[in-house]
Amino acid sequence: MTQQDFRTKEGNTVFGIRATALILQNRKLLATKDKDKYYTIGGAIQVNERTEDAVVREVREELGVKAQVGQLAFVVENRFEEDGVHYHNIEFHYLVNLLEEAPLTMQEDEKMQPCEWIDLDKLKGLNLVPSFLKTALPNWNGQLRHIHLEE
């Protein structure tokens, strides 16, 4: 039986609660690339799942490695439109330590995507989603930030 997650569609709008991993080493972020966009590892949390547990599960499912959750860095209210669909996500972005070496590929369902270690100072030049990470992450002061996005 598939576990129900916190994602629902009503009309042309998708609502979701997500947890993502900010995997950092030596001032570099591990991100996956799909077409022309870069993304952090993560996904929808499941019903009755803690956000911290969701991050560990997503890292295991997508990268195939064990992870340890660190500090919650950003809580984001993210509203955007993509391909005619409106999204309203509540996102929890955690610092995450990998307990095993990170692979340079990620698997989501049947799809394989490349992963790259990206220098934090080079994020501005990339199409990183969500885009606030390009400026917020390199300058993050260690304090939890609440961000409102409307793209």
Go through (1) open to solvent by 30 Å² or more (accessible area, probe 1.4 Å); (2) in contact (Cβ under 8 Å) with a residue 12 or more places away in the chain and name the single condition I41 misses. (1)
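Would a scan of segment 49-62 turn up a residue that is surrounded by 15 or more Cβ atoms within 10 Å (Cβ to Cβ) and assigned to a strand (DSSP E or B)?
Step one: list which residues in segment 49-62 are surrounded by 15 or more Cβ atoms within 10 Å (Cβ to Cβ), which gives 49, 51-52, 54-59, 62.
If we keep only those that are assigned to a strand (DSSP E or B) too, we end up with none.
Scanning segment 49-62 turns up no residue that is surrounded by 15 or more Cβ atoms within 10 Å (Cβ to Cβ) and assigned to a strand (DSSP E or B).
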Working carefully through the options K33, K9, find the one that is among the charged types (D, E, K, R), assigned to a strand (DSSP E or B) and open to solvent by 70 Å² or more (accessible area, probe 1.4 Å). K9
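Any residue in segment 86-105 that is among the charged types (D, E, K, R) and farther than 19 Å from V129 by Cα?
Taking segment 86-105 as the starting set, the residues that turn out to be among the charged types (D, E, K, R) are 91, 100-101.
Still in the running and farther than 19 Å from V129 by Cα: 100-101.
Yes, segment 86-105 contains at least one residue that is among the charged types (D, E, K, R) and farther than 19 Å from V129 by Cα.
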Scanning segment 102-151 for residues that are touching a Cys at 6+ places or on another chain (Cβ under 9 Å) and over 17 Å from R18 (Cβ atoms), which turns out most open to solvent (accessible area, probe 1.4 Å)? L104
Of Q46, Q25, Q4, Q71, the only residue that is within 21 Å of H146 (Cα to Cα) and open to solvent by 10 Å² or more (accessible area, probe 1.4 Å) is Q71
Inspect segment 87-97 for any residue being in contact with a helix residue (DSSP H, G or I) (Cβ under 8 Å, 6 or more places away or on another chain), in a loop (DSSP other than H, G, I, E, B), under 28 Å from E150 (Cα atoms) and open to solvent by less than 80 Å² (accessible area, probe 1.4 Å) and give the result as yes or no. no
Just to be sure I understand, how many residues within segment 106-123 are outside any helix (DSSP H, G or I) and over 17 Å from K66 (Cβ atoms)? 11
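The values are calculated or read from the model by the stated rules, or taken from the named source; none is laboratory data. In this text, all values refer to a predicted model and were calculated from it rather than measured experimentally. Methodologically, a virtual Cβ is constructed for each residue, glycine included, from the backbone with ideal geometry; neighbour enumeration extends over all protein chains shown. Note: areas computed on protein heavy atoms with side chains; ligands, DNA, RNA excluded. Shrake-Rupley method; radii C 1.70, N 1.55, O 1.52, S 1.80 Å.
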